[in-house]
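Novice: Sharing a structure with you now.
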Amino acid sequence: MKTSKETSQALVEKDQRNIWHHMSKYDSKREPMITTKAKGSWITDHNGNKYLDGMSGLWCVNVGYGREELAQAAYDQLKEMSYTSMSQSHLPAIKLAEKLNEMLNDEYMIFYSNSGSDANEVAFKVARQYHQQNGESLRYKFISRYRAYHGGSLGALAATGQSIRKYKYEPLTSGFLHVAPPDNYRRPEGQSIEEYNLQRAHEIEEKIVWEQKETIAAVIMEPVITGGGVLIPHPVYVEKVQEICNRHGVLLIIDEVICGFGRTGRTFGHMHYDIKPDIITMAKGLTSAYLPLSVTAVRKDIYESFNNTEENSHFRHVNTFGGNPAACAVALKNIEIMERENLTNRAAVLGEKLRDGLKELESHPYVGDIRNQGFVMGIEMVEDKTTKEPATEQRVGKIIADCKANGLIIGKNGDTVAGYNNILALCPPLSSTDEDLDFIVSIIKKVFKENGS
Ligand SMILES: Cc1ncc(COP(=O)(O)O)c(C=O)c1O
């Protein structure tokens, strides 16, 4: 819908007067993009401008926009039975839990919440209580990685390793420790990727031992650090971390909030590695963000430790909206679409094509590294290819603005850690067509060419 100039101005003014926007600097004159329509990989703003959404919203609209089947699934369910709390049950929740276990190839207990942050909070509470009920009540600490994002609530933010997002909100929940993640592009010269990744994994073991292993509840990590700069580990890292966790009685929580549901070219990101997480959290792609829903999948044997008749031994956590019937119905339909259209495989194919299409950027003076796993890509911009000095905010911002001026929305790892907000991000819908992909490649190449000196 294109609005008249007057209506458009009035909308902007109302927005400026009433809405406090997420992650935005104070600017009373800021004109947000007001999206009025979206179909496939494309969104249209209130002035009628069309953009290819190269970020799938916030890394979430995996099956693309405007799927009538998803709207219908929500409508049908809301008419039939709109609400029941998850202290009881309903049909879509039961079907979805069964489906998720089929996708996970194992038996997990499915706990429903609303957001990725919620799902991680549940994981932390389950882990602490599990250890207590297992006779290891000192295990309360969590280890996560610098540069990773795990959510905005005080516990999930404590797990987050991005100091800029924590600054001025501290002190956060206590008991969260951080180690450096593998950043293969910036590994010490002369060290092989494998050696370097094993060393990074060893730092987790060191942390566990130095902190007294009997105080460590769990390690939490994304299979690929996505929002923190698309940092892709070598498989030896992830597999070593699992082995270390097993050896020290530490649980492994895998945050699949972005990596899940086909994004990396596998059903779940951790399926690239030979690991078996104890707890898996998911959100975003679960419903392709058509409705809010998240899941904390907990291994059956952990759940069994709650089979205890002592007072307060049950998991005393509730949220009103988690497992909403319409959201579960949408998730089921969303997964059906993914399977029918083979979108996980499509993610792998599109990722390769994107990589090939952007190959010539490797020699661009301000491109240090291009990396992807499936259809999530990071382009690390530098001032100098030899020193790897991170590109300035202005240089990175100019590429993003020029892409937008050419009809392509791309992202970056904004507000993460000082000095390293220099990585462009691409995470388009997995349903993108070949023409969409050609468009993305052509605009990025054009914009980099115009910003070559
Ligand atoms: C890896 C990861 N975990 C957790 C979250 C938090 O999810 P939500 O914004 O739904 O709370 C995010 C959000 O971007 C995320 O990227």
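Any read-out appearing in this document is the output of simple, stated calculations on the displayed coordinates, not a laboratory observation. Every value quoted in this text rests on a predicted model; they were computed, and no experiment measured them. FYI the Cβ positions are ideal-geometry reconstructions off the backbone, even for glycines, and counts take in every protein chain you see.
Novice: Return the Rg/Rh ratio of segment 286-433 with Cα-based radii and a Kirkwood Rh.
Specialist: Taking Rh as the inverse mean 1/r over Cα pairs, Rg/Rh reads 1.12.
Novice: Please say if segment 369-441 is rounded, prolate or oblate, where rounded means a/c under 1.5 for a ≥ b ≥ c the square roots of the C-alpha gyration tensor eigenvalues, and otherwise the choice is prolate for a/b larger than b/c and oblate otherwise?
Specialist: Prolate, since a/c reaches 1.5 and a/b exceeds b/c.
Novice: Where does each of 186-194, 211-219, 150-158, 173-181 land if you order them by average Cβ count within 10 Å, highest first?
Specialist: 150-158, 211-219, 173-181, 186-194
Novice: So, one more: For segment 320-402, what is Rg from Cα atoms divided by 2.2 N^0.38 Å, rounded to two decimals? Mind showing how you got there, number by number?
Specialist: Values: Rg = 18.8 Å, N = 83, 2.2 N^0.38 = 11.8 Å.
Normalised by 2.2 N^0.38 Å, the Cα Rg of segment 320-402 equals 1.60.
Novice: Sticking with this one: Quote to one decimal, in nm, the extra length available between Glu362 and Arg316 on full extension: 0.36 nm per residue of separation minus the C-alpha distance between them.
Specialist: Extra length from Glu362 to Arg316 when fully extended: 11.4 nm.
Novice: Would you work out which of Gly323, Phe448, Ala297 lies farthest towards the positive end of the dipole of the chain, given +1 charges on the beta-carbon of Lys and Arg and -1 on that of Asp and Glu, about the Cα centre?
Specialist: Phe448
Novice: Now for a separate question. What relative contact order, as a whole-number percentage, does segment 290-377 give when Cα pairs under 8 Å and 6 or more residues apart are counted?
Specialist: Working: 44 pairs, mean separation 21.5, N = 88.
Relative contact order comes out at 24 percent.
Novice: Any aspartates and glutamates with Cα under 18 Å of the Lys213 Cα? List them, leaving off those in the same chain fewer than 8 positions away.
Specialist: Cross-link targets: Glu136, Glu203, Glu205, Glu243, Asp278.
Novice: Quick one: Asp436, Asp415, Asp274, Asp118, fewest Cβ neighbours within 10 Å first, how do they rank?
Specialist: Asp274, Asp415, Asp436, Asp118
Novice: Ranking Ile440, Ile423 by Cβ neighbours within 10 Å, fewest first, what do you get? Walk me through the intermediate numbers first.
Specialist: Working: Ile440 25, Ile423 28.
The most exposed by this proxy come first: Ile440, Ile423.
Novice: Using the Cα centre of segment 124-216 as the reference point, and only Cβ charges (+1 on K/R, -1 on D/E), how large is the resulting charge dipole? Debye, rounded to the nearest 20.
Specialist: Once rounded to the nearest 20, the dipole reads 520 debye.
Novice: Quickly rank 71-84, 248-261 as a protection proxy: mean count of other C-beta atoms within 10 Å, highest first. Provide the component values of the computation, followed by the final result.
Specialist: Values: 71-84: 14.6, 248-261: 26.3.
Result, highest mean first: 248-261, 71-84.
Novice: Next up: With equal scatterers on the alpha carbons only and no solvent term, can you work out the Debye log10 of I(q)/I(0) for the chain at 0.06, 0.09, 0.10, 0.12 1/Å?
Specialist: Here the Debye-derived log intensity ratios amount to -0.26, -0.60, -0.74, -1.08.
Novice: Which peptide among 338-345, 195-202, 299-306, 370-377 comes first, and what is the full order, when sorted by highest mean count of other Cβ atoms within 10 Å?
Specialist: Result, highest mean first: 370-377, 195-202, 338-345, 299-306.
Novice: With label points built 7 Å along Cα→Cβ from the Cα atoms of His21 and Asn246, find their separation and express it in nm.
Specialist: Rounded to a tenth, the inter-label distance reads 4.8 nm.
Novice: Full extension from Ile193 to Asn49: what is 0.36 nm times the residue separation minus their Cα-Cα distance, to one decimal in nm?
Specialist: 47.4 nm
Novice: In nm, to one decimal, how far is the modelled label at Met81 from the one at Ser163, with both set 7 Å along Cα→Cβ?
Specialist: Label-label distance for Met81 and Ser163, simple model: 5.1 nm.
Novice: Which whole-Hz ³J(HN,Hα) couplings does segment 366-379 yield from phi under the Karplus relation 6.51 cos²θ - 1.76 cosθ + 1.60, θ = phi - 60°, glycine and proline marked x?
Specialist: Here the 3J(HN,Hα) series is 10, 10, x, 7, 10, 9, 8, 10, x, 9, 10, 10, x, 10 Hz.
Novice: Something else now. How large is the charge dipole for segment 68-340, taken about the Cα centre, if only the Cβ atoms of Lys, Arg (+1) and Asp, Glu (-1) carry charge, to the nearest 20 debye?
Specialist: Charge dipole, segment 68-340, about its Cα centre: 640 debye, nearest 20.
Novice: Now a separate question. Can you pick out the pairs among Lys284/Lys398; Lys37/Lys445; Lys79/Lys166; Lys39/Lys388; Lys79/Lys353; Lys284/Lys445 whose Cα atoms lie more than 32 Å from each other?
Specialist: Lys79/Lys166; Lys39/Lys388; Lys79/Lys353
Novice: What does the extension gain come out to for Glu352 and Thr173, with contour length at 0.36 nm per residue minus their alpha carbon separation?
Specialist: That works out to 60.4 nm of additional length.
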